[in-house]
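A quick write-up on the structure given underneath.
The values are calculated or read from the model by the stated rules, or taken from the named source; none is laboratory data. Remember, predicted model here, so these are calculated numbers, not experimental data. Cβ atoms come from the backbone with ideal geometry, glycine included; neighbour counts cover every protein chain shown. Please note that ligands, DNA and RNA were not included when accessible areas were found on the heavy atoms of the full protein model with its side chains. Shrake-Rupley method; radii C 1.70, N 1.55, O 1.52, S 1.80 Å.
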Amino acid sequence: MGFLRKVLALILGLSVLVSAAVAEEPILIRFSHVVGENTPKGVGANLFKRLVEERLAGRVAVEVYPASQKFSDDEVLNALLFGDVEMAAPSLAKFNRWAKALQVFDLPFLFEDVDHIHRFQQSDVGRRLLSSMTSRGIQGLAFWDNGPRVISSTKKLNTPGDADGLVFRIEPSDVFQEQYARIGAVGVAMPFSRLTDAIRDGVVNGQENTWSNIYSRKIHKLHRHFTEIGHSHLGYMVITGADFWRGLPRDIRASLEEILAEVTAEVNGLAAEKNEEARNKAMAEGGEGVVVFAPIDDQLQAWRDAWMPVWSRFEPDIGSDVIDAAVNAARRQ
Ligand code: SIN
């Protein structure tokens, strides 16, 4: 063999070895989220990591980045598209700019309870919403629960009129913006990571969130009044990059789907309990400094009257078929 041939054979041999070594590298899934680890989503992300690393050891590795360590929800969708992260689970109110139909989850007083939400999410229309951003490069994989949104504020809200002139931190949802405008307040969209400072610095007088998020961010130490209206539920869509997901070996994708189904059942089974536990702890730690108020009868009706009209404003964006499917899911089969 001539010298040149020997060199070429050596280069070829080396490149085969290098590609074999590269092929053996585990696929890395970076899961970025914005909340604490002791919340439904935090537990879900960590469980996903544990199950993947048990069942796909050496083939897939998962790194979880909680509490906005890597990206805020504002940034994470683009990060998925740029391949800087592989999974995330933003709240459904964060997809405003990406798929208008998902605003159905933001409509006030639409869902009676969490079973109603599950029936809708499992319906044909609900399942199709997981693919509502696929053409934009984002694939939905599952819906996860957190819990009912509770309004916390510096001032007691007996009636919607009591919110007049207040400023509320909201998730970036046009529906929420409109809701607060309708009660004479201002809704300011900002990332979850800025919430505590915005309250502490007096930039906002109120916000709405689940008890698990309120407790983990110690909002019960900053706000005195908590209004449980039952108007809205905070849930998540677990998402990935559509190209990343399609590019996975078929058997790995199937195993990940199986694991996600298991984690989804676990998260959705523990979310209510986590929120109840956080509510009790916030009340115990806050003592008389925490006042929880749940409007009923005429007072509740006043909130419904103030907020239900936003449905018609958003119906053209969301689609009446999607709203009807969500409303009809209230009826047990
Ligand atoms: C979350 O639960 O992921 C955060 C919700 C928020 O932004 O308020």
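For the reader, a short list of remarks on this structure follows.
- Scanning residues 5 or more positions from A142 or on other chains, those with amide H under 5 Å from its amide H are V238, with H placed 1.01 Å from N in the peptide plane.
- Nonlocal Lys pairs with alpha-carbon distance under 25 Å, the chain (8 or more apart, or different chains): 26
- Between amide H atoms placed 1.01 Å from N, distances below 5 Å from A61 occur with I27, L28, I29, all of them 5 or more places distant or on a separate chain.
- Segment 156-199 shape via C-alpha gyration tensor axes, a/c threshold 1.5: oblate
- Of all the options L129, L107, L248, the one that moves most in a Gaussian network model of the chain with Cα springs shorter than 10 angstrom is L248.
- Centre separation in Å (Cα based) which lies between segment 68-112 and segment 134-192: 14
- 5 angstrom amide H check on V35, placed H, neighbours 5+ away: A67, S68
- For segment 2-325, carbon and sulfur atoms together expose 52% of the accessible surface, with a 1.4 angstrom probe and every protein chain in place.
- For segment 157-264, alpha-carbon Rg relative to the globular expectation (2.2 N^0.38 Å, N residues): 1.42
- Accessible area per residue for segment 190-259 is 39 Å², calculated with a 1.4 Å probe on protein heavy atoms, without ligands, DNA or RNA.
- Summing +1 for each Lys or Arg and -1 for each Asp or Glu among the other residues whose beta-carbon sits under 14 angstrom from that of G44 gives -1.
- Mean residue ellipticity (222 nm) of the chain, computed from DSSP H runs ≥ 4 via -39,500 (n - 2.57), nearest 500: -14000 deg cm²/dmol
- GNM flexibility winner over the chain from V238, V43, V76 (Cα, springs under 10 Å): V43
- Neighbour net charge for I29 - beta-carbon separation under 12 angstrom, K R +1, D E -1: +1
- Building the convex hull from the alpha-carbon atoms of the chain and averaging its projection over directions returns 20.5 nm².
- Longest segment of the chain lacking GluC sites (Glu not before Pro) that sit in a DSSP loop with at most 15 other Cβ atoms within 10 Å: 113-227
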